[in-house]
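The values are calculated or read from the model by the stated rules, or taken from the named source; none is laboratory data. Values in this document were obtained by computation on a predicted structure and should not be read as measured data. Quick reminder, even Gly has a Cβ in these numbers, built from the backbone with ideal geometry, and neighbours come from all protein chains shown.
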Amino acid sequence: MPVNLLTRPYIGRLLANRWTWRLSRLTALCLLVAMAAWGWHQHAIPGLAVRDPLMYTNLSSHLFWVWWLMGIVFVALLFGRLWCTVCPLGWLSGLLSRIGLRRELPVWLQNFIPVTLVLVVLQLSIYFFAIHRYPDYTAVVLALCLLLTIAAGLIFRPRAFCTLLCPAGAVFGLYARVAPFQLRVCDSGVCASCDSQRCIAEPQEWQSYRLGGTIVYRHRRLDGCPVDLVPAEISDSADCLLCLNCAHNCDKENIQIGFRPWLADLDLRGLRSSETLFFLVLFGMLTTNFSKVYVELRQGLFWLPEQTAQLLGWGVSGYNLLAVLWVALLLPALMLLPGWLTLQLSGLRHHVALPPEQTSTLPLPEKSTGFWAAACDLALPLIPLLLAAHAVLALVKINAKAGYLPFAIADPSGVQSYLAMNVMHTMAAPGVLIPLDILKWLVLLLLLAGIVLAIFAARRVSRRHPDGMAFFVAALVTLVLPSGFYLATVIQWLFVR
């Protein structure tokens with residue numbers, strides 16, 4: 001049983017206090033609004049013919065694209081969905097839902113398809129409009145997130161924004177199966193005998209506030225689980241947002257949060273069908289982003305859509321459409337195809353020919369597993385590898401650009417810093433945090449750790465899979481292509497060059 005952090009002398013009291021998380025979320029919300037303000041109307045430097053001079057010197061784009069989006073990868077690596085605990089957008093959506101319509105999400109939206117489309121649109125906006133290079137575009141993205149959060153909170157139940165429009169939450173749901181952190185109940189028997197069920201019943205209570213001789217009473221309803229989970233029935237960490245509402249509401253102190261072994265949830269169930277679609281899109285996008293530094297390999301990846309567009313006589317727009325379909329769906333599906341074919345071959349049965357009168361004793365042929373059903377399980381061992389590749393990209397990004405942070409804080413607009421570094425040359429541009437000779441080994445070790453964990457993950461999943469050892473072999477075959485791709489890229493990128 002993992003150590004329950006809620007029972008630790010100091011950290012337990014801090015975690016159990018609602019104001020710890022309220023102040024954390026409020027701080028994050030203020031920072032988000034400030035980033036939108038710092039980037040507003042900051043597109044370029046007048047009179048300077050440079051494409052994107054403020055990409056890293058402006059505090060808005062620097063904080064969001066370097067620290068916010070890259071830093072939460074390492075949070076997910078160690079703590080799964082812990083970022084959801086302090087996410088200002090989810091918190092704001094929950095607050096607004098108290099005065100909103102609190103409608104249920106339509107059934108056709110209760111899947112990963114909306115958030116998958118958001119991920120594709122965001123990636124296309126980065127590719128076609130370079131929104132990550134310009135502070136004003138970044139500010140528009142942040143402002144749009146706030147507006148959509150407000151709309152979702154006023155119409156639907158709490159955390160509707162997280163379910164519909166937040167790709168980060170869906171990514172955390174994948175990585176939470178690997179991360180060594182969880183929320184569970186201490187004793188399921190205590191939950192079975194509990195009459196109040198305060199953790200899920202959204203109870204109402206009176207609260208008193210004393211100021212001198214004045215006492216003010218307030219009647220309020222406590223927040224329940226925004227995703228309708230019952231703590232005693234949580235078997236994996238994929239869906240739990242770690243909002244800690246159940247821990248705050250439980251009057252039996254029967255909720256525990258703490259660390260556990262790696263890969264603890266991978267042997268429980270496969271990905272849901274729409275979640276597999278999201279995984280494939282994420283897998284394809286991370287893989288192509290990883291290939292940016294290996295020009296020959298990247299050209300090979302896009303050879304098929306390029307040749308197809310030329311064969312069909314399509315122009316740039318036609319090629320872009322094919323490239324999107326290739327990256328977001330076809331390429332990652334092809335990477336899973338060898339594993340699926342291995343699984344199909346393992347199901348072949350050879351029988352010795354028998355006389356006609358004995359053919360009735362032959363066993364019926366087993367029904368073959370469809371590609372999508374197999375992909376829901378074959379994707380699981382790839383999650384540690386995908387997380388390692390994601391962490392490599394984040395580490396390299398932070399290492400290269402973190403040095404701009406002091407300059408961005410001193411000059412939030414980024415104009416003076418850029419001019420001093422690149423025009424007047426009165427200030428040296430910041431260097432990397434970790435020297436390349438050390439960074440390359442850290443990257444290689446991180447990627448190798450992901451491959452090793454992926455092999456262990458394949459073994460864990462095979463234990464509950466009906467095909468057992470056949471699935472294990474198929475999962476190993478699935479790992480060969482992306483593992484070789486990532487290793488070749490890292491070696492060419494950091495060791496050969």
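For the stretch 1-48, a residue qualifies if it is under 21 Å from Val86 (Cβ atoms), in contact with a strand residue (DSSP E or B) (Cβ under 9 Å, 6 or more places away or on another chain) and in a helix (DSSP H, G or I), and the qualifying residues are Leu5, Leu6, Leu15. Where helices (runs of 4 or more DSSP H) fall entirely within the stretch 49-160, those with at least 1 residues that are farther than 22 Å from Ala391 by Cα, over 18 Å from the mean Cα position of the chain (by Cα) and at pLDDT below 95 are at 88-97, 113-129, 135-155. How about the stretch 396-425: which of its residues are aliphatic (A, V, I, L, M) and closer than 28 Å to Leu334 by Cβ? Scanning the stretch 396-425 gives a single hit, Val396.
Restricting attention to the stretch 364-373 and to residues that are modelled with pLDDT of 70 or more and more than 22 Å from the chain's Cα centre (by Cα), the residue that is nearest to Thr276 (Cα to Cα) turns out to be Ala373. Looking at Val115, Val171, just one residue is assigned by TED's automatic domain parsing to the domain that holds Val33, crowded, with 22+ Cβ neighbours inside 10 Å and in contact with a His (Cβ under 9 Å, 6 or more places away or on another chain), and that residue is Val171. Look at the stretch 264-288: where a residue is assigned by TED's automatic domain parsing to the domain that holds Leu380 and at pLDDT 95 or above and a partner is surrounded by fewer than 20 Cβ atoms within 10 Å (Cβ to Cβ) and small (Gly, Ala, Ser), sitting 6+ places away or on another chain with Cβ atoms under 7 Å, you get Leu280/Ala333.
Would you mind finding the one in Pro9, Pro2 that is modelled with pLDDT under 90 and surrounded by 15 or more Cβ atoms within 10 Å (Cβ to Cβ)? Matching residue, one of Pro9, Pro2: Pro2.
Pairs are defined by a Cβ separation below 9 Å, a sequence spacing of at least 6 or placement on different chains, a first member in the stretch 306-334 that is more than 14 Å from Thr288 (Cα to Cα), and a second member that is at pLDDT 90 or above and acidic (Asp, Glu); the pairs so defined are Tyr319/Glu306; Leu322/Glu306. Taking into account only those residues within the stretch 307-317 that are more than 19 Å from Gln123 (Cβ to Cβ) and not β-branched (Val, Ile, Thr), which is surrounded by the most Cβ atoms within 10 Å (Cβ to Cβ)? Here the residue is Ala309.
When the stretch 226-251 is limited to residues that are in contact with an Asp or Glu (Cβ under 9 Å, 6 or more places away or on another chain) and in a loop (DSSP other than H, G, I, E, B), the one that is surrounded by the fewest Cβ atoms within 10 Å (Cβ to Cβ) turns out to be Ser235.
None of Ala44, Ala49 is surrounded by fewer than 20 Cβ atoms within 10 Å (Cβ to Cβ) and in contact with an Asp or Glu (Cβ under 8 Å, 6 or more places away or on another chain) except Ala44.
Inspection of the stretch 200-216 finds no residue satisfying the criterion of being outside any strand (DSSP E or B), under 30 Å from the mean Cα position of the chain (by Cα), over 22 Å from Pro88 (Cα atoms) and modelled with pLDDT of 80 or more. If we scan the stretch 197-211, do we find a residue that is out of contact with any strand residue (DSSP E or B) (no Cβ under 7 Å at 6 or more places or on another chain), surrounded by fewer than 18 Cβ atoms within 10 Å (Cβ to Cβ) and of a type in the set (A, V, I, L, M)? The answer is yes, given that some residue of the stretch 197-211 is out of contact with any strand residue (DSSP E or B) (no Cβ under 7 Å at 6 or more places or on another chain), surrounded by fewer than 18 Cβ atoms within 10 Å (Cβ to Cβ) and of a type in the set (A, V, I, L, M). Only a single item in (1) within 30 Å of Phe79 (Cα to Cα); (2) charged (D, E, K, R); (3) loosely packed, with under 15 Cβ neighbours inside 10 Å is not met by Asp267, and it is number (3).
Inspection of the stretch 412-425 identifies at least one residue that is among the β-branched types (Val, Ile, Thr) and assigned to a helix (DSSP H, G or I).
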